[in-house]
Amino acid sequence: MAAFGALVLVGAVLLSLPSAVDGGERASFPTALFTAASAASVTGLVVVDTAAYWSAFGEVVVLALIQVGGFGIMALATVLTLVVGRQMGLRMALRTGSETKVVTLGEVRQVVTGILAVTVVFETVLAVVLTLRWWLGYGLSFGEAIHTGTFHAISAFNNAGFSLYSDSMTGFATDPWITVPIALAVVAGGLGFPMWVELWRFTRHRGEHRHWSVHAKITLAMTGVLLVVAFVAFLALEWANPATMGGLGLRGKLLTAFFQAVMPRTAGFNSLDFGAMNTQTLLVTDILMFVGGGSAGTAGGIKVTTFAVLAFVVYANVRGEPTVHMAGRRLSEGTASQATTVVLLALGLVLAATLTLMTVTPFTLDQVLFETTSAFGTVGLSTGITGDLPLVGELVIVFLMFVGRIGPITLASALALRRRVRVYELPQERPIVG
């Protein structure tokens, strides 16, 4: 948390320099802080037009914050998950008298090196594809195409959603050579590094009988299910909306529905105007943004694994089963309680922020709820009210982006490590529930 906070402050100071603004004027500190927090948390919400307001130096600072924020979160979250797993294993070993390993420096180096390699490969491939498309298809000079392609490649893989175009990807809504690669990069970054490690091991040892971990099964299954549900929902709810996809042909509708189904996972690019979407579509998007993507990745939200665990807990309770089973394994009671705690605290935070913004702004509930959920889920999608928020509203969004980026993994790790043994138990009594 301290390292992430320091990154945001350093970015805010750099963006406050006169050389960071196009025209030489100094940006106000709240504007610089908001942009730095949004970039470092790979959210994508902006109070100023990125391409028009910031100079080349300012854009480089934003890009550096996105890269460091995305890579740092992936690395720290993965290492923290490894540490927590080994700490829990050590406790079990001490209880049973068996041996266990601890996290070594070599393991940490291998994890960080692997994350760096995955990041470089995905961003390089996407940058090449986008550069060629903008150079050959849209008449940009080769230098401009490289700049634009690289910026959007880094922003996409890190699920940041920052764009050098004022209308994001709206101008390229029906261009599959731009929207499809960006969408695939968003999914890749949102799966998380542990998922890519398992995919790599499975491919390398294809001939051997290998078991997928519960985490991998849940991440892949939930990612697929949520993408299909979102795709169908966008098609059904916006099909006839003349302000969004109503005027597009079948190919355009399918492409934009796929692109927008991916973005709440949590990238923030948009090829359709969310300010013109139906209220039902905004509510579906709220749910998708709140859930987010895979753990130890660039996505935000409570994570698909947390959502799945909670769903199986509900299913087990409805069936009257004493234990929770999922993906061929039995979940520990600690995992179920951690998932419940993370979800309830996240809901409380979003609702409190929504109430605060509704008090200090004239916007409607659906607009404010969309904004706060987008900030907590580090998505970056907006109905267009971000730039009109008062200072108090901007600070609320900054707080949500900060907590949304590091809160779930920090809270889950703390709950896993914080184990107290009661020296006595009180008499049991069951209150009336429901």
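The values are calculated or read from the model by the stated rules, or taken from the named source; none is laboratory data. Just so it is clear, the model here is predicted, and its values are computed rather than measured. Heads up, the Cβs are rebuilt from the backbone with ideal geometry, glycines too, and the neighbour counts pull from every protein chain shown. Please note that ligands, DNA and RNA were not included when accessible areas were found on the heavy atoms of the full protein model with its side chains. Shrake-Rupley method; radii C 1.70, N 1.55, O 1.52, S 1.80 Å.
Ligands, DNA and RNA aside, residue 53 has an accessible area near 70 Å² when probed at 1.4 Å. The angle between the Cα long axis of helix 365-376 and the main principal axis of the chain comes to about 70°, on a 0 to 90 degree scale. Simple spin-label estimate for residue 358 and residue 424 gives 4.6 nm between the two label positions (7 Å along the Cα-to-Cβ direction from each Cα). Using only side-chain charges placed at the Cβ, +1 for Lys and Arg and -1 for Asp and Glu, the dipole size of the chain relative to its Cα centre rounds to 1960 debye. Against the chain, whose longest principal axis is taken from its Cα atoms, helix 56-96 shows a tilt of about 10°. Across the chain, C-alpha contacts under 8 Å between residues 6 or more apart give a mean separation that, scaled by the residue count, equals a relative contact order of 18 percent.
Result for the chain in a Gaussian network model with C-alpha springs under 10 Å: among 367, 280, 338, the largest mean-square fluctuation is at 280.
Leaving out ligands, DNA and RNA, and with a 1.4 Å probe, what % of the accessible surface on segment 20-60 is carbon or sulfur?
Working: 850 of 1440 Å².
Result for segment 20-60: 59 percent of the exposed heavy-atom area is carbon or sulfur.
Would you compute, from DSSP H runs of 4+ residues alone, the mean residue ellipticity of the chain at 222 nm, taking -39500 (n - 2.57) per run and dividing by the full residue count, rounded to the nearest 500? After summing the helix terms and dividing by the residues of the chain, the value is -22000 deg cm²/dmol. The C-alpha atoms of the chain define a longest principal axis, and helix 176-191 lies at about 30 degrees to it.
What ranking do 374-386, 187-199 get when scored by the average of other Cβ atoms within 10 Å per residue, highest first?
On the way: 374-386: 27.2, 187-199: 22.7.
Ranking, from highest mean packing down: 374-386, 187-199.
Candidates 310, 20, 256 compared by Cα position along the dipole of the chain: farthest toward the positive end lies 310, with charges placed on Cβ.
Quick one: Kirkwood hydrodynamic radius for segment 266-320, alpha-carbon pairs, angstrom, one decimal? Provide the component values of the computation, followed by the final result.
Values: mean 1/r = 0.0770 Å⁻¹.
It works out to 13.0 Å.
The eigenvalues of the Cα gyration tensor, multiplied by 5 and square-rooted, give the chain an equivalent ellipsoid with semi-axes of 36, 25, 24 Å from largest to smallest.
Using the average count of surrounding beta-carbon atoms within 10 Å as a protection proxy, the listed peptides 331-337, 57-63 rank, highest first, as 57-63, 331-337. Remark: the chain carries 48 Å² of accessible area per residue (probe radius 1.4 Å; ligands, DNA and RNA excluded). Which listed residue (136, 298, 160) has the Cα farthest towards the positive end of the charge dipole for the chain, taking +1 on Lys and Arg C-beta and -1 on Asp and Glu C-beta about the Cα centre? Of 136, 298, 160, it is 298. Cα convex hull, segment 20-70: 60 Å³ per residue, rounded to a whole number.
In what sequence, highest mean first, do 217-230, 264-277 appear when ranked by Cβ atoms within 10 angstrom? List each step's numbers first, then the result.
Numbers: 217-230: 17.6, 264-277: 25.1.
Highest mean packing first, the order is 264-277, 217-230.
Measuring nothing but protein heavy atoms, the accessible surface of segment 226-357 at 1.4 Å probe radius is 67 percent carbon and sulfur. Each 5 Å bin from zero up to the one holding the largest Cα-Cα distance in segment 204-321 carries the following percent of pairs: 2, 11, 18, 19, 15, 13, 10, 7, 4, 2, 0. Every Cα-Cα pair of segment 105-153 was included, and the share exceeding 16 Å stands at 47 percent.
Between residue 124 and residue 395, 0.36 nm times their residue separation minus their Cα-Cα distance comes to what?
Contour length minus the Cα-Cα distance gives 94.1 nm.
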